[in-house]
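Here the structure comes first, spelled out in structure tokens, and everything after it is commentary.
FYI, it's all coordinate maths here, none of it is from the lab. What you are looking at is a predicted structure, and each value in this text was computed from that prediction instead of being measured. In this analysis, Cβ positions are derived from the backbone assuming ideal geometry, glycine residues included, and neighbour counts consider all displayed protein chains.
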Amino acid sequence: MEQLVVRLGADPDEAIHWIVWSNQQDEIIASGVLPDATQLATLTDRAGRRPICALVPTSDILLKWVELPAKAGRKAIAAIPYILEEEISGDISEQFFALGPKKANKQAVAIVSKEKLQSWLNIIEAAGLSCDQLVPDVLALPLADTDAWSILELGEQLLVRKDDWAGLQGERDWLIQAINHLARQYANENERALLVNDYSGSDLANIDNLEVTVMPLDMPMKVLAKGSESATFNLLQGEFKVKKKVGGDWKKWRLAAVLAVIALFTSLIDKNIENGQLEQRLAQVKSQVSSEYKRAFPNAGAYRDLRSTMERQMKALEQGGGNGASVLIMLSQLKPAFEESNIKPQTLRFDSNRAELRIQAVASNFGALDKFKRQAEAQGFTVEQGSINQKDNQVIGTMSIRS
């Protein structure tokens, strides 16, 4: 199944990350970043009939466990807002309480301002989209089997999942300070370092009392899209529950009937029909060209002249970042190393500011990865070996290559 996953910001002027993901093919169909919520309508064609899951900032949501009496009934659950009243600033009537999982006599609850929740829904509706699920973003991070935290860097923000119903999210600079404090506190209480699974190659070297495991590197939104599939929680409950569309099948057939009538009348008109068909075909070609251009350069905006626009985009790729690094030039120079070692890259991630190419590659054995490293270093690159795993007679390794 394919789905569109969007990560909304706390405010409409914040960037929106999105991805169209196929879980059957384990494939990214399209992805990108929109500058703000006003551009969300550009994803209408991307969405199509795919289900939409929206991730929202956990910094605007309070995740709590509430201890209820044994064999608690509906009345006890209805009393949850009053049980948490002292822990919530403001009027509880202005807050929405969404129920999460239940463990024994403990009930998970997500508290969010009704105004904030409605603003997210208004943004989605204004874009002409229909959302089936609204999930706090940290709950889409992988949940470790151990007591390790999961960390993901998304743009300028960090997402941290502490357990099945707790996490942190916010600007990277201040959240690093919070993690530093929590890690020191954890080490004092448990006399050991805090375990962390890093899913995006974040720089955590300056934080003490951390034992970091670098997980296989993937696009951050791919990690969140895969996690959203297993997320059973949905903020859209009660008064915000998604209403089933009544008569959807009839509307579909009614549209088909209207189109059939139009086609019938059109078939009776033979004058200028060839010219009309040519114009329709031209419009289809233009639409296809526009769609392919947006898929290749999702953040480039509109264009007037296709040829000059494509030349400008390719020139930008060749020039790379501000330090002169170019992903195309690096890949061209690394071509002999790939051919001689016979390793196949699975994922590529290029950081132009650091002139660094991060790859996850598959090889037949450990020697092939080592051979690629030697060949690349002979070309003048600096290669740092990351995690290496063996699976199904293949070796999967991560490497950071600097120009």
> How many residues are among the aliphatic types (A, V, I, L, M) and loosely packed, with under 14 Cβ neighbours inside 10 Å if we restrict to region 151-198?
Replying inline: 1
> In this structure, does residue 371 turn out to be closer than 20 Å to residue 27 by Cα, free of Cβ contacts under 8 Å to residues at least 40 places away in the same chain and of a type in the set (Lys, Arg)?
Replying inline: no
>> Going through 339, 356, 384 one at a time, which residue ends up being under 28 Å from residue 220 (Cβ atoms) and loosely packed, with under 13 Cβ neighbours inside 10 Å?
In response: 384
> Which of the residues spanning region 209-227 are in a strand (DSSP E or B) and of a type in the set (Asp, Glu)?
Replying inline: 211
> What are the residues in region 199-230 that are of a type in the set (Ser, Thr, Tyr) and either crowded, with 17+ Cβ neighbours inside 10 Å or free of Cβ contacts under 8 Å to residues at least 60 places away in the same chain (or both), if any?
Replying inline: 199, 200, 202, 228, 230
> Of all residues in region 65-107, which are in a strand (DSSP E or B), free of Cβ contacts under 8 Å to residues at least 60 places away in the same chain and within 32 Å of the chain's Cα centre (by Cα)?
Replying inline: 66, 95, 97, 102, 103, 106, 107
> Any residue in region 72-94 that is within 15 Å of residue 228 (Cβ to Cβ), of a type in the set (Ser, Thr, Tyr) and loosely packed, with under 15 Cβ neighbours inside 10 Å?
Replying inline: no
> So which residues in region 151-208 are charged (D, E, K, R) and part of a helix (DSSP H, G or I), if there are any at all?
Replying inline: 172, 173, 184, 189
> Which one of the conditions (1) of a type in the set (A, V, I, L, M); (2) in contact (Cβ under 8 Å) with a residue 40 or more places away in the chain; (3) surrounded by fewer than 16 Cβ atoms within 10 Å (Cβ to Cβ) does residue 5 fail to meet, given that it meets all the rest?
Replying inline: (3)
>> Which of the numbered conditions does residue 110 fail, given that it passes all the others? Conditions: (1) within 30 Å of residue 196 (Cα to Cα); (2) of a type outside the set (Asp, Glu); (3) outside any strand (DSSP E or B).
In response: (3)
